Amino acid sequence: MSNFREAQNQAHPNKTNTLMLALIMILILNVSIQVWLLYTALNNALEKNTDIAFPSFIASSILFLIGFGWLYFLPSGPRVTK
Amino acid sequence: MATDKKDNHWKEDFPVYQLESTQVSRRDFAKFLCLVSGGLAVGSGYVAIKANFFPPDKIVGEHFVCKKHELPVGGTRSFVINGSTIPYILIRMENDEFRAYEQKCTHLSCAVFYKPGSGKIECPCHNGLFDAFTGEVLAGPPPRPLPRLTVVIKGEEVYVKDFKPDNDKPDPNRQSRS
Ligand code: FES
């Protein structure tokens, strides 16, 4: 039976290239948002506004989980049959 | 094809076909980005926990710094408070008021100094300027005002204690900055 992974591995290189590009763009976007969140949380915490620290931590974790789950769609390249 | 029992995982990084090899580094890059993202999330968690459960120690009580006559008008004196290593400066302003601040610039922790006669505290590293009356940032890269201590004068002796904004009476002699 063929699954998602096999189907993707047989896809045309143009398709996997586009997918790879989209993946990396989203990951870069996530990371930039996280950098901004961390920067803001830290600056506010040092200014004794601690209220923003937890929401930004939660947002940052969600972004990480999105990015992590997103890796499932990473084209794995042809599988070596062992 | 692997014929022996060894771990042949490295072969994925050196594929036979050129087309496949173009994907190796991008795949690693994507995984690395994910790692960075995890690191940032952990960092945010650290900031959140530190800020909410382990706030920096407050200064308790009043601490003697020096006698009033030891500091000339326009002069500064650096001091530390017992039990902490944070450097502070005590400034005797031109209008004979005293101010005390942390000596660490809020940008990258360089030592700041008072520019006599100007009412400004300067950071030599990247030319950050702070208002010597309030600690506010006037110019340059520092993101936050200088942390401040309240100065208490008892006769001839100068003490400092934890800063509370409400005992900061507006100063009638203060010229407005322009
Ligand atoms: S360290 Fe003070 S301005 Fe950069």
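The values are calculated or read from the model by the stated rules, or taken from the named source; none is laboratory data. It should be emphasised that the depicted structure is a prediction, and the values quoted were computed from it without experimental measurement. Reconstructed Cβ throughout: ideal geometry from the backbone, glycine too, with neighbour counts over all protein chains shown.
Within region B:104-120, which residues are in a loop (DSSP other than H, G, I, E, B) and buried (at least 22 other Cβ atoms within 10 Å of the Cβ)?
Correct list: B:CYS105, B:THR106, B:VAL112.
How many residues are out of contact with any Pro (no Cβ under 9 Å at 6 or more places or on another chain), facing another protein chain (nearest Cβ under 7 Å), hydrophobic (A, V, I, L, M, F, W, C) and part of a helix (DSSP H, G or I) when one looks only at region B:1-54?
Count: 9.
Is it true that A:LEU27 is buried (at least 16 other Cβ atoms within 10 Å of the Cβ), in contact with a Phe, Trp or Tyr (Cβ under 8 Å, 6 or more places away or on another chain) and under 30 Å from B:ASN52 (Cα atoms)?
The answer is yes for A:LEU27.
Before we move on, is A:ASN44 more than 8 Å from chain B (Cβ to nearest Cβ), of a type in the set (S, T, N, Q) and surrounded by 15 or more Cβ atoms within 10 Å (Cβ to Cβ)?
Yes; evaluated as a whole, the condition is true for this residue.
Among the residues of region B:55-64, are any under 30 Å from B:GLU97 (Cβ atoms) and without any contact (Cβ under 8 Å) to a residue 12 or more places away in the chain?
Yes; the residues of region B:55-64 include at least one that is under 30 Å from B:GLU97 (Cβ atoms) and without any contact (Cβ under 8 Å) to a residue 12 or more places away in the chain.
Within region B:87-98, is even one residue surrounded by 15 or more Cβ atoms within 10 Å (Cβ to Cβ), in contact with a Gly (Cβ under 9 Å, 6 or more places away or on another chain), within 14 Å of chain A (Cβ to nearest Cβ) and of a type in the set (D, E, K, R)?
The answer is no; no qualifying residue exists.
Per-residue answers, yes or no, for (1) modelled with pLDDT under 85; (2) within 11 Å of the ligand (Cβ to nearest atom):
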| residue | (1), (2) |
| --- | --- |
| B:VAL112 | no, yes |
| B:GLY117 | yes, no |
| B:CYS123 | no, yes |
| B:PRO147 | no, no |
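Residue check: is A:LEU27 within 16 Å of the chain's Cα centre (by Cα), at the interface with another protein chain (Cβ under 7 Å from one of its Cβ atoms) and assigned to a helix (DSSP H, G or I)?
When the stated conditions are applied, A:LEU27 passes them.
How many of the residues in region A:10-24 are β-branched (Val, Ile, Thr) and more than 8 Å from chain B (Cβ to nearest Cβ)?
Qualifying residue count for the region: 1.
What are the residues in region B:99-110 that are within 9 Å of the ligand (Cβ to nearest atom) and within 14 Å of chain A (Cβ to nearest Cβ), if any?
Answer for region B:99-110, where residues must be within 9 Å of the ligand (Cβ to nearest atom) and within 14 Å of chain A (Cβ to nearest Cβ): B:LYS104, B:CYS105, B:THR106, B:HIS107, B:LEU108, B:SER109.
In this structure, does A:SER56 turn out to be outside any helix (DSSP H, G or I), among the polar types (S, T, N, Q), facing chain B (nearest Cβ under 9 Å) and under 22 Å from the mean Cα position of the chain (by Cα)?
no
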